[in-house]
Amino acid sequence: MRVYWHDDALVHDTGAGIFEHPPSPLVEVPELHPENAERIRNIRAALKNGPIAERLEWHDGRHAVREELEMLHLPEYLDSVQAFCAAGGGYLTQSTPVVERSWDAALAAAGTALEATAAVLRGECDLAYALVRPPGHHAQPDRADGYCLFSNAALAAELARRRGAERVAVLDWDVHHGNGTQECFWHRGDVLAVSFHMRHGSWGPSHPQTGAPDEVGEGEGAGRNVNMELPVGTGDEGYRRAMARAVEPVVDAFRPDLIVIACGQDASQFDPNGRMCVSMAGFRDLGAAARALADRHCGGRMVLVQEGGYGRTYSGLCMHATLEGVLGTDPLLDDPMAYLPDDEDRADAAIEAVRAAMAPFWD
């Protein structure tokens with residue numbers, strides 16, 4: 001499997017403050033913005049130093065060129081982001097800070113996703129992963145949103161379409177609704193956009209979409225937009241069932257020529273930006289299920305593009321587990337932080353232990 005990387009992923013400085021908002025005199029010790037370089041350095045370290053390393057080939061990414069960005073983004077939007085960064089940056093949206101070199105990082109994120117996709121389309125590999133930031137799945141044709149500047153995974157899907165793939169499926173298991181991907185292909189019948197996400201609704205002018213199941217697309221795109229909206233705390237088994245019972249049948253009916261995964265780890269049990277409680281085992285199963293779909297429909301061809309994942313240590317381990325699933329290995333890493341799964345027997349045992357300990361006092 002090929003992994004694509006560009007060092008400009010590290011020059012996008014999102015600063016520190018109150019989580020994703022600017023500093024405040026009410027907070028003596030600010031915290032890093034959740035979308036920071038440290039998180040992606042840890043993902044890189046897990047893949048380079050973990051037991052999966054021998055199965056990965058590292059390749060250089062590149063910057064996207066203007067014409068590639070204009071496949072989906074409006075020229076005036078691109079002009080505005082470039083000018084905003086060149087002027088020193090600030091907050092593009094209430095949660096999306098940029099600096100001057102954020103423009104370079106965004107170009108590298110889009111271009112590296114496109115380079116990974118092109119390698120698969122050229123037949124150089126069947127599986128490629130673009131380890132990029134800033135993420136992209138909230139970026140719409142005409143606006144930034146939710147830490148995202150350019151719609152990296154959507155651009156990868158669009159490149160595939162323009163290079164001969166008749167149908168492309170984008171599966172997005174980042175914890176938030178992939179509203180940017182949805183908006184890019186809302187009226188299109190040639191791209192299936194599937195988003196697994198925590199139920200959160202619209203969060204303002206930059207994200208007017210709700211992510212609800214009734215947002216299904218319009219015109220030729222009707223039935224091509226699938227919002228798998230899940231309740232808080234769904235966990236591994238809920239994600240497995242959502243994939244098997246709702247998503248796989250839709251993908252099977254669509255019969256894609258290529259699958260693009262918008263791959264985030266912020267559904268994990270230790271993420272500060274989500275509450276979905278997915279463990280390494282859950283991500284491993286998602287990777288394996290996606291690979292099975294790619295084998296069934298696409299000759300095994302699949303591109304993964306990094307999205308969120310803000311638990312700075314656990315995200316890297318979850319990405320390692322995801323690629324274990326994609327590559328079909330036995331589990332290579334134990335989960336150092338996994339909770340024991342709940343079951344009635346253990347709960348009953350705990351209840352009876354308390355009852356026994358307290359019985360003398362109750363009597």
Original post:
Looking at this structure, is V354 under 28 Å from A193 (Cα atoms) and either assigned to a helix (DSSP H, G or I) or basic (K, R) (or both)?
Top reply: no
**OP:** Out of the residues in region 1-12 that are in contact with a strand residue (DSSP E or B) (Cβ under 8 Å, 6 or more places away or on another chain) and assigned to a loop (DSSP other than H, G, I, E, B), state the one that is surrounded by the most Cβ atoms within 10 Å (Cβ to Cβ).
**Re:** H12
Subject >> Residue that is farthest from G300 (Cα to Cα), among those in region 118-142 that are charged (D, E, K, R) and out of contact with any strand residue (DSSP E or B) (no Cβ under 8 Å at 6 or more places or on another chain) >> reply: D142
Subject >> Enumeration of residues in region 132-156 that are closer than 16 Å to W173 by Cα, out of contact with any His (no Cβ under 7 Å at 6 or more places or on another chain) and in a helix (DSSP H, G or I) >> reply: N152, A154
**OP:** All but one of (1) within 18 Å of D13 (Cβ to Cβ); (2) more than 20 Å from the chain's Cα centre (by Cα) hold for C125, so report the exception by its number.
**Re:** (1)
**OP:** For region 35-43, indicate whether the set of residues that are within 27 Å of C125 (Cβ to Cβ), in contact (Cβ under 8 Å) with a residue 40 or more places away in the chain, of a type in the set (D, E, K, R) and in contact with a Phe, Trp or Tyr (Cβ under 9 Å, 6 or more places away or on another chain) is non-empty.
**Re:** yes
Subject >> Residue ranges of strands (runs of 3 or more DSSP E) in region 20-109 with at least 3 members surrounded by 19 or more Cβ atoms within 10 Å (Cβ to Cβ) and in contact with a strand residue (DSSP E or B) (Cβ under 8 Å, 6 or more places away or on another chain) >> reply: 96-98
**OP:** Only one of these is in contact with a Ser or Thr (Cβ under 6 Å, 6 or more places away or on another chain), within 25 Å of Q269 (Cβ to Cβ) and among the β-branched types (V, I, T): V132, V175, V194. Name it.
**Re:** V132
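Only helices (runs of 4 or more DSSP H) wholly contained in region 218-335 count here; list those with 1 or more residues that are more than 21 Å from G50 (Cα to Cα) and touching a residue at least 40 places away in the same chain (Cβ under 8 Å).
235-242, 248-254, 280-297
Quick note: the coordinates plus some simple rules give every number you see, no bench work behind them. Treat the numbers as computed from the prediction; the structure is a model and nothing was measured. FYI the Cβ positions are ideal-geometry reconstructions off the backbone, even for glycines, and counts take in every protein chain you see.
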